[in-house]
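Contents: one structure, followed by commentary.
The values are calculated or read from the model by the stated rules, or taken from the named source; none is laboratory data. What you see is a predicted model, and the numbers here were worked out from it, not measured in a lab. So basically every Cβ, Gly included, is an ideal-geometry build from the backbone, and we count neighbours across all protein chains shown. Heavy atoms of the whole protein, side chains included, go into the accessibility calculation; ligands, DNA and RNA do not. Shrake-Rupley method; radii C 1.70, N 1.55, O 1.52, S 1.80 Å.
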Amino acid sequence: MKVLLTGGTGYIGSHTAIELIKLGYEVEIMDNLFNSKITVLDKIEEITGVKPKFYKVDLLDKEGMDKMFGEGGYDLVIHFAGLKAVGESVEKPLKYYENNVGGTINLLECMKKHGVNKIVFSSSATVYGDQGVAELTEEMQTGVGITNPYGETKHVIEEILKDVAEAEPDFEATILRYFNPVGAHPSGLIGEDPNDIPNNLMPIIMKVSTGEIEKLKVYGDDYDTPDGTGIRDYIHVVDLAKGHVAAIEKMKPGVSIYNLGTGKGTSVLEMVAAFEKASGKKLPYEIVGRRAGDLAEIFANPSKAEKELDWKTELTIEDAMNDTINYLEHLAKK
Ligand code: NAD
Ligand code: UFG
């Protein structure tokens, strides 16, 4: 099976490419390299022995996309490409709608033209908004109370996929709602190395540990949680990557939706402690006020993916921290 990964040089795409290649899938990658580096392809080759064919194309470049699909002969697309900086999306909403929603429409048009009817889409737990409960299940109503344009783009794209599936009976879409991806490949060769300014917890912890950022700001210790800090469901990126493989093996007509998470919540201070334990170093932090739009606690109910995709997470926060530190050591040697 020949699979195109849009955004495949990015953090989650590159880890997914490795898992697919290991299982014998033929993988091609397209990316505009806005938030990733071409050298990722060499790392994939170092790990798997295969260097995927690469297209430097923008989702918004209709001609370039058409040419790539004309050459490709793909069976399926995993659509990772998108902008994901929540804060920036509040300042530049049009850029986010154009890139993420407009880009996806271009992709879907191209797929239709070239007879590709299977897509897996990188969605996010953000589509649940504030449900008033911490444990999230796929059948909950989505799209209410999303606090930023980035999250809105994920919701809108989910709705577009549902509409396309209504219109085209042979269309197969699997929507994967990721919780909080963390960690790196155990080889230490690839991990999260964003070009943009990080605003997620792990990339900030990484930059504090290297001294690039002075200290971690912990956004609030007065939530209704055991230690007062926010709780999220942190999933190792290799487990997440394997979730994509499980998903493409079980594609079916219509739209299928799965949470990809561990089912377990971890607080910010527990993440700090886990990083300190793995690195043997203190991580400087200070408690500051709450960040606008943050929820106290969310975690996945991953039982649908376990039942239908025969997938569940295997790695722990400790694994994620050890692999992150291994990756940081690799980056420091460069
Ligand atoms: P990433 O930024 O590392 O990867 C995304 C890739 O898409 C980048 O390499 C970027 O250059 C590329 N890209 C962006 N716009 C493009 C365009 N117009 N044309 C071509 N390429 C383009 O991000 P990631 O963490 O690997 O996330 C992958 C997907 O998963 C994204 O859609 C993201 O919104 C989603 N997601 C991520 C998280 C997370 O916390 N990492 C959580 C939920 C959902
Ligand atoms: N946090 C801090 N300090 C920081 C950064 C984060 O204390 O500098 C805290 C947050 O308050 C939150 C937790 O760490 O309690 C996780 O924050 P992230 O920004 O890493 O993750 P979020 O859960 O807020 O959001 C992420 C992605 C969204 C995605 C969502 C659900 O940024 O794109 O997960 O998947 F939609």
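Worth pointing out:
- One residue from 205, 190, 157 being modelled with pLDDT of 95 or more, surrounded by 16 or more Cβ atoms within 10 Å (Cβ to Cβ) and under 28 Å from residue 45 (Cα atoms): 190
- Meets criteria (open to solvent by 20 Å² or more (accessible area, probe 1.4 Å) and away from ligand 1 (no atom under 16 Å from the Cβ)) for residue 229: no
- Subset tally (residues that are outside any strand (DSSP E or B), β-branched (Val, Ile, Thr) and more than 17 Å from residue 128 (Cβ to Cβ)) for region 234-269: 5
- On inspection, residue 287 fails the criterion of being over 15 Å from residue 235 (Cβ atoms) and either at pLDDT below 95 or open to solvent by less than 40 Å² (accessible area, probe 1.4 Å) (or both).
- Of all residues in region 113-154 being under 19 Å from the mean Cα position of the chain (by Cα) and among the hydrophobic types (A, V, I, L, M, F, W, C), the one that is modelled with the lowest pLDDT: 146
- Remark: residue 239 matches the filter, which requires a residue to be more than 14 Å from ligand 2 (Cβ to nearest atom), of a type in the set (Asp, Glu), open to solvent by less than 20 Å² (accessible area, probe 1.4 Å) and closer than 28 Å to residue 47 by Cα.
- Region 195-233, subset of a type in the set (Val, Ile, Thr) and in a helix (DSSP H, G or I), residue farthest from residue 295 (Cα to Cα): 208
- Number of the exception - residue 280 against (1) on the phi > 0 side of the Ramachandran plot; (2) open to solvent by less than 40 Å² (accessible area, probe 1.4 Å): (2)
- Within region 210-234, residues that are over 22 Å from residue 126 (Cα atoms) and without any contact (Cβ under 8 Å) to a residue 24 or more places away in the chain have Cβ atoms under 8 Å from residues that are open to solvent by less than 90 Å² (accessible area, probe 1.4 Å) and more than 8 Å from ligand 2 (Cβ to nearest atom) in these pairs: 213/207, counting only partners at least 6 apart in sequence or on another chain.
- Helices (runs of 4 or more DSSP H) wholly inside region 3-116 that include at least 3 residues being open to solvent by less than 10 Å² (accessible area, probe 1.4 Å) and not hydrophobic (A, V, I, L, M, F, W, C): 11-22
- Residues satisfying the stated conditions in region 160-187, i.e. open to solvent by 40 Å² or more (accessible area, probe 1.4 Å), away from ligand 1 (no atom under 15 Å from the Cβ) and not in a helix (DSSP H, G or I): 168, 169, 170, 186, 187
- Selected residue (only one of 314, 276, 308, 318 is touching a residue at least 40 places away in the same chain (Cβ under 8 Å), closer than 15 Å to residue 202 by Cβ and more than 10 Å from ligand 2 (Cβ to nearest atom)): 318
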